[in-house]
Amino acid sequence: MFGLDKHKQAGQNIFMSSMQGLANVLAIGVTFVATGPIYTKTEEFVTNFAESHYGYADADLVTSAYGLILALAIFFLSRATLATALMFGAVAVMMRFA
């Protein structure tokens, strides 16, 4: 009986880690698709803001940092959202067949 529980737990761990991996892959896709359009729509505002608050010399650095921060924010937000949705779906499926 003890070995069966351990085997079942190992299967659940593999399933859950696969769901996390799937969430990561999907989040990379969302980041790839969403970062460009969002950056393009907001670049002018960020550049103007950086020039007026930090000067022309630092505007390029601030705008580049903004692009990196935007991409990371989109990735982590989409990963959290997708991981939560996938986990709820996985638990629902596991409860259905358990």
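How far is helix 56-97 tilted, in degrees, relative to the longest principal axis of the Cα atoms in the chain, given as a value from 0 to 90 rounded to the nearest 10? So the helix axis and the longest Cα principal axis differ by about 20 degrees. Placing R0 at 35 angstrom, the Cβ-Cβ distance between residue 88 and residue 60 gives a FRET efficiency of 0.25 after rounding to 0.05. Note on residue 25 and residue 39: the model spin-label points, each 7 Å out from Cα along the C-beta direction, lie 2.5 nm apart.
Here the gap between residue 15 and residue 51, fully extended at 0.36 nm per residue and compared with their Cα-Cα distance, gives a gain of 8.0 nm.
Axis of helix 2-54 versus longest Cα principal axis of the chain: the two differ by about 10°, to the nearest ten degrees. Mean sequence separation of contacting Cα pairs (under 8 Å, at least six apart), scaled by the length of the chain, corresponds to a relative contact order of 40 percent. Once Cα Rg over 2.2 N^0.38 Å is calculated for the structure shown, the corresponding label among (i) 1.66; (ii) 1.36; (iii) 1.12 turns out to be (i).
We did not get these values from a lab; they are worked out from the coordinates using the rules stated. This structure is a prediction, so every number in the text was calculated from the model and none was measured. As a convention, Cβ positions derive from the backbone with ideal geometry for all residues, glycine included, and neighbour counts pool all protein chains shown.
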